[in-house]
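Scroll down for the structure; my scribbles are underneath it.
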Amino acid sequence: MVVTTSQPESSAAGSAARKNRRKITRKNAQPASSAQNADEDQEMDVEPSASNITDQQAGFDNDGDDDELIIDVDPLQTTSAPAFPPLAANADKTRLKSETRRIAIPPHRMTPLKKDWINIFGPLTEILGLQVRMNVQRRCVEARSSKETKDIGALQKGADFVKAYALGFDVNDAIALLRLDDLYLDSFEIKDVKTLHGDHLSRAIGRIAGQDGKTKFTIENASRTRIVLADTKIHIMGSFQNIKVARDAIVSLILGSPPGKVYAGLRTVSSRMRQRAL
């Protein structure tokens, strides 16, 4: 005889009921806590913040003031970099503003200017694209930029060219100012170096010029410059370093150095210049 023992169904049903009770209590506890939080949030929302109070005071307290304008600024709005359209192909060729220069011509240079006017007028119009005319009443050369002028420094170059001719330089030498960028003009007087009067001044001028202009030509060839000796004024045209060499030689002659000593110094300087060129 077989005896089977079975557990009562009431115990299994009781354990399942206990589990269901725990789940139900947990589920019921959660909505209660959420309801509590919702009530607290509502209570917190009821209280107005300081910023809202200030906004209300600023915006609504002055309803009668029409002069005050309130602008709402979006704090989330971000500024982006400006977008510029691309430049045109001819943007770099901007039209220059029309400018005018007047270069005075000394009375003793008026006759040479009339003879060489074609040689002066041509380079200014063809190379630089300037508009040039001779004002006879004012005794000056007037130049101005035009739509054909492409270089921004063309007017200054043209003024230096005419000024060099007015000082006494040859036209072919003055044209170098238009073609080269590192040429300059330097002018000074003998009295700037040493105060001389009478025969002492004449002898200083004679030492600079030399017999038949030999000394002046030697200084020009050694220093690669051009020199104009106009009474007590001396004008030098060349590069910065070459002008310094020529000026030092002329100053030595004005102070009384013999020409032979100056020649020796020029030979040394010219040899050094050749070595640097190589």
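No lab work stands behind these numbers, since they all come straight from the coordinates. Being a predicted model, the structure only gives us computed values, none of them experimental. When we count neighbours, we look across all protein chains shown, and the Cβ atoms used for this are built from the backbone with ideal geometry, even at glycine.
Using a/c under 1.5 as the rounded threshold, could you call the range 184-277 rounded, prolate or oblate? The axes a ≥ b ≥ c are square roots of the C-alpha gyration tensor eigenvalues, and prolate needs a/b larger than b/c, oblate otherwise. Cα axes put the range 184-277 in the prolate bin. With a simple spin-label model that places each label point 7 Å from the Cα along the Cα-to-Cβ direction, the separation between K261 and R139 comes to 4.2 nm. Residue by residue, the range 126-132 carries 3J(HN,Hα) couplings of 7, 7, 9, x, 9, 9, 10 Hz when phi is fed to the Karplus relation 6.51 cos²θ - 1.76 cosθ + 1.60 (θ = phi - 60°); x denotes Gly or Pro. Counting 0.36 nm for each residue step from D181 to D212 and taking away their Cα separation leaves a gain of 7.9 nm. If we count every other residue with Cβ under 15 angstrom of V251's Cβ, Lys/Arg +1 and Asp/Glu -1, where does the sum land? Charge balance in the 15 Å sphere: +4.
The stretch between S98 and E189 holds 29.2 nm of extra length on full extension. This uses 0.36 nm per residue minus the Cα-Cα distance. Each label was represented as a point 7 Å from its Cα along the Cα-to-Cβ direction; for N172 and Q156 these points are 2.9 nm apart. Computed from point charges on the beta carbon alone (+1 for Lys and Arg, -1 for Asp and Glu), the dipole magnitude for the range 168-229 about its Cα centre is near 280 Debye.
The amide H of T149, built 1.01 Å from its N in the peptide plane, has no neighbour under 5 Å, considering only residues 5 or more places off or on other chains. Charged side chains reduced to their Cβ positions (Lys and Arg at +1, Asp and Glu at -1) give the range 182-275 a dipole of some 340 debye around its Cα centre.
The trypsin sites (Lys or Arg not before Pro) of the range 165-206 meeting both criteria, a DSSP state outside H, G, I, E and B (loop) and at most 13 other C-beta atoms within 10 angstrom of the site's C-beta, are K194. A DSSP coil position with no more than 15 other Cβ atoms inside 10 Å describes the following trypsin sites (Lys or Arg not before Pro) in the range 102-139: R138, R139.
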